[in-house]
1. Looking only at the chain, where both bridge partners belong to it, what percent of the DSSP beta bridges are antiparallel (to the nearest 5)?
2. Magnitude of the Cβ-charge dipole of region 215-355, K/R +1 and D/E -1, about the Cα centre, nearest 20 debye?
3. How long are the semi-axes of the equivalent ellipsoid of region 117-264, defined as square roots of 5 times the Cα gyration tensor eigenvalues? Whole Å, largest first.
4. Using the Cα atoms of region 220-265, I'd like the radius of gyration and the largest Cα-Cα distance, Dmax, both in angstrom.
5. Multiplying the sequence separation of ALA138 and MET311 by 0.36 nm and subtracting their Cα-Cα distance, what value in nm do you get?
6. Relative contact order of region 80-206: what whole-number percent is it, with Cα pairs under 8 angstrom and at least 6 residues apart?
7. Taking the Cα centre of region 134-285 as origin, sum charge times position over the Cβ atoms of Lys and Arg (+1) and Asp and Glu (-1), and report the length of that vector in debye to the nearest 20.
8. Over the chain, what relative contact order in percent results from Cα pairs under 8 Å that are six or more residues apart?
Amino acid sequence: MSGKTPEGFSNTFFEKELKPYLPEKILDFHTHIWEPSHWYGYVEGKTGLSDNTALASAEVREHQKYMATTISYRAEDLIADAAAAFPGLETHAVVFGQPTPKCDHNKTNAYAAASAEKYENLYALRITGTPLATTPEALRREMTEHPYYGYKVYLNWLGDQYPPLIFDEMLTEDEFRYADENGLIVLLHVPRAGRLADPEVGESVRRMALRYPGMKLVLAHCGRCYRYEEIRGALHFVSDLDNVWFDCSMVMDPAVMAYILQRKDPRKMLFATDCPVAAMRGRRVTVADHWVDLVLPGYPESHYRVISDNMRASFMIHEIAKAAIIGAELAGLTKEEMQRIFFANGMELLLSVRK
Ligand SMILES: [Zn+2]
């Protein structure tokens, strides 16, 4: 067999390596959906967007170099990718818009809410955060009039240009309190280059989780710990906290999964992808002190991305699932505990929000 990806490889890989381990329903706890008109500066038919990769301003193009951002990724695209990655299984997803300053958060929130109303297997979070905050009354109205299960915390920066923020500053006191009182999900992409292991970040996550025990805090990308070296220095900040969960989106290292699953209640681990990024074919690996994405040709150039056809590759979605399965095995979980990561853990969390 050559080092090229044959036709239908993803299906073969799924049937052989994943399907025997997976439950019949999959819940993906971290996905983004949006339409072209949500970007500031987008002008229909005038911005040269025919290749679906170019955006209006140079600044946004710079942002794209860091992540595989296409001009749109609609609910229907997400549903189609989930069906392609998990043929024959019932798929569900937690959805939210683009949490960046380059998108109109009102539009992208309204679209996520409308999509969740349209499709019963989608569950929306509202992009919420200090720079966008209006009045307490407006927040309550927004949260009660739409089917939101909580917040996706707004990221007030582009790409990897992290400002020296801590979690305390990313939501207003009113937003924290509202989540606490209503038992809402708060999905957080922790800031700074040091990730959850940065002592100020780790302490602030811990402090807020303790101050607002009703808040259900989900740390995206396992606290952005894609590498074993990162989670090893980070988990202690939250390992004893009952109201903290992990979404394993873009985590493809079984050692990261095993480290968490051995030390934390495994029911706190949620399968997640970060689609559309994880819909790429390839794998995130560690080289020296940073992650690197190996991907097949056809995707735009991006920081820490190596593009090559000299390998057989499936969806990154599959690599995340495989890392969760192997990590669970290394941690000594039962098959039932492992399968719960893919659906039951996340669904129980969602149901705990809605009465
Ligand atoms: Zn994301």
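Nothing in this text is a laboratory measurement; each read-out follows from the coordinates by a stated rule. Just so it is clear, the structure is predicted and the values come from calculations on it, not from any experiment. With ideal geometry, Cβ positions are generated from the backbone for all residues, glycine too; neighbour counts draw on all protein chains shown.
1. Values: 9 of 38 bridges.
Restricted to the chain, the bridges split so that about 25 percent are antiparallel.
2. On the way: 18 positive and 17 negative charges, 60 e Å.
Magnitude of the dipole: close to 280 debye.
3. Numbers: eigenvalues 130, 57, 44 Å².
That gives 25, 17, 15 Å for the three semi-axes.
4. 9.4, 25
5. On the way: separation 173, 0.36 × 173 = 62.28 nm, distance 5.12 nm.
The ALA138-MET311 span can extend by a further 57.2 nm.
6. On the way: 168 pairs, mean separation 27.5, N = 127.
Once normalised by length, the contact order is 22 percent.
7. Numbers: 20 positive and 22 negative charges, 139 e Å.
Dipole size: approximately 660 debye.
8. Working: 697 pairs, mean separation 69.7, N = 355.
Here the relative contact order equals 20 percent.
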